[in-house]
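Rule-based calculations on the coordinates, nothing more; no lab input. The structure presented is a predicted model; accordingly, all values stated were derived computationally and were not measured. When we count neighbours, we look across all protein chains shown, and the Cβ atoms used for this are built from the backbone with ideal geometry, even at glycine.
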Amino acid sequence: MGNKKSRKVAILEALSRGFTQRTLDAGYMDDAESRKAYGEYFGTVGFEKGAAISREIRNRNILAFHGRKRLSILDLGTGTGEFVRGLSEGFFPESADEIDLLCVDRSIAALQDFADQWKPPATLRLRLLQARLPDQKALLEEVKEGIDLLSMANLLAENEDSLHGFLDLLANLFLRLSPGGMMVLVEPADRRSSRSLLSLGDDLMRLCPDLRVEAPCPNDRKGPCPALDDPGDWCHEDRPVTFSSALTRTAASLGHVKDSLKMTYLLLVRRGRVDGEDLPSLRLVSPLHKEKGMSWGLFCDGRALIRLRLLNRNRHDGSKAFGRLRRGDTILDPRSGGNVTGRPEGGFVEWPSGSPVVGVRRPDGALWNSQHEEG
Ligand SMILES: C[S@@+](CC[C@H](N)C(=O)[O-])C[C@H]1O[C@@H](n2cnc3c(N)ncnc32)[C@H](O)[C@@H]1O
């Protein structure tokens with residue numbers, strides 16, 4: 001038992017190192033032991049990420065069915081399948097009657113294991129396609145049009161030498177999304193992977209005029225991601241989650257901490273005929289820092305990053321919620337009334353003293369009205 005465990009940890013260590021250093025052998029998913037270890041550890045985390053994104057899509061109410069509740073999902077780089085399982089299972093039963101799911105990977109062994117082990121609901125039709133991406137021929141023959149949801153998780157980091165090819169592939173697939181269809185792109189929460197995904201998002205935005213960044217960016221971002229201005233900067237989510245003690249122990253033996261879902265992601269929607277007009281908002285993209293006499297955080301308005309602070313002496317009932325903000329919360333932009341003082345020392349923008357904090361959405365996309373909260 002002990003030996004078996006340490007063997008598993010050794011395999012996970014090698015995988016983890018390979019992912020971080022970009023040194024993995026391309027066939028790692030063809031090895032049964034690696035696949036099993038990947039599924040039990042990274043896959044378990046991936047399942048929670050897929051479920052979290054599914055929840056966010058439902059919370060944002062952005063599934064476009066056009067009269068039928070049959071969802072067509074395309075997943076690129078499926079691997080052992082947990083991410084896309086968490087994503088698609090989340091739509092049953094309220095959001096989808098049926099799902100048509102096409103999974104693509106260069107490893108047919110991984111796809112086959114996934115199909116053998118998963119017992120999807122009878123209303124889910126699973127198809128497998130072995131393809132080496134970003135080669136498009138086999139895939140585009142299989143997918144003509146009408147994709148409601150394209151997902152791609154943790155694939156770019158293994159393909160840094162073919163990012164142009166992936167851009168081209170995604171731009172072509174974007175044209176095959178149904179109106180209101182969307183892409184969910186997820187990568188690890190580290191500077192290199194995050195910047196690579198954010199740059200790809202900016203490039204896609206240039207190539208696809210009807211692309212709307214639904215999340216995480218506020219205000220229907222139209223220009224380049226402001227996190228890319230500074231080469232040391234990046235953007236990620238950090239959503240609390242509780243994993244089993246077995247997974248937490250495995251994580252500890254790898255030197256990882258698993259108490260939250262950390263990821264960089266983009267939720268990109270092909271615009272329908274009408275887009276709602278949202279009020280200008282800000283998203284907290286850092287932890288909220290509490291220091292002597294003030295709370296502050298780095299907020300994004302979709303064009304720039306703003307260091308916004310609330311001085312304790314300016315706090316009032318309506319702004320108390322500021323002190324409880326969490327990374328990923330979106331609030332109304334207090335500057336939209338033009339009532340913000342300039343940029344004082346330290347590069348801080350002051351929270352306008354009389355303004356309330358008005359919550360818009362929680363990190364998981366749920367609507368949120370901070371003024372209705374106790375406290
Ligand atoms: C890190 S795993 C991610 C699996 C799953 N999406 C997740 O998030 O847990 C990456 C998967 O992509 C596949 N993959 C990597 N590069 C690929 C490529 N160029 N073409 C097709 N599949 C690829 C690998 O075989 C592996 O199964």
- Query: So what is the 222 nm mean residue ellipticity for the chain from helices alone, if each DSSP H run of at least 4 adds -39500 (n - 2.57) and you divide by all residues, rounding to the nearest 500 deg cm²/dmol?
  - Reply: -8500 deg cm²/dmol
- Task: For each pair in Lys262/Lys320; Lys49/Lys320; Lys36/Lys258; Lys49/Lys292; Lys222/Lys320, compute the distance between the two Cα atoms and list the pairs where it is over 29 Å.
- Result: Lys49/Lys320; Lys49/Lys292; Lys222/Lys320
- Message: Suppose each label sits 7 Å from its Cα in the direction of the beta carbon; what would the Asp116-Glu142 distance come out to in nanometres?
- Response: 1.9 nm
- Residues in segment 232-271 near a label at Arg191, defined as backbone nitrogen under 12 Å from the 7 Å Cα→Cβ point? 232-235
- Note on the structure: Under the Karplus relation with 6.51, -1.76 and 1.60 and θ = phi - 60°, whole-Hz ³J(HN,Hα) for segment 77-94, x at Gly and Pro, equal x, 5, x, 7, x, 5, 4, 6, 5, x, 5, 6, 4, x, 8, 8, x, 5
- segment 281-372 shape via C-alpha gyration tensor axes, a/c threshold 1.5: rounded
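Using 0.36 nm per residue, how much length does the chain from Arg125 to Thr20 gain when fully extended, once their Cα-Cα distance is taken away?
34.4 nm
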- Query: Quick one: length gained pulling Arg324 to Leu367 fully straight, 0.36 nm per residue minus the C-alpha distance?
  - Reply: 13.8 nm
- Additional length obtainable on full extension of the chain from Ser162 to Glu94, 0.36 nm per residue less Cα span: 20.6 nm
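Mind sorting Asp113, Asp25, Asp329 by how few other Cβ atoms lie within 10 Å of their own Cβ, fewest first? All intermediate terms of the calculation are to be shown ahead of the outcome.
Details: Asp113 19, Asp25 11, Asp329 24.
Least crowded to most crowded, the residues run Asp25, Asp113, Asp329.
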- Message: Please compute the contact order of segment 30-100 in relative form: average sequence separation of alpha-carbon pairs under 8 Å and at least six residues apart, divided by the residue count, as a percent.
- Response: 46 percent
- Task: Specify the longest stretch of the chain that does not include any exposed loop site, a site being one of the GluC sites (Glu not before Pro) with a non-H, G, I, E, B DSSP assignment and at most 13 other Cβ atoms within 10 Å.
- Result: 146-276
- Item | Residue-wise HN-Hα coupling along segment 321-335, computed from phi with Karplus coefficients 6.51, -1.76, 1.60 (Hz; x: Gly, Pro) | 4, 4, x, 10, 5, 10, 3, x, 5, 10, 10, 5, 6, x, 7
- Query: Where the eigenvalues come from the Cα gyration tensor of segment 73-170, what are the semi-axes √(5λ) of the equivalent ellipsoid, largest first, in whole Å?
  - Reply: 23, 15, 12
- Note on the structure: For Arg206 and Ser6, extending 7 Å from Cα along the Cα-Cβ vector and measuring point to point gives, in nm, a value of 5.2 nm
- Item | Zero-based 20 Å bins, Cα pair distances in the chain, whole percents | 27, 56, 17, 0
- Rounded FRET efficiency, nearest 0.05, which uses the C-beta distance separating His316 from His256 and R0 of 30 Å: 0.10
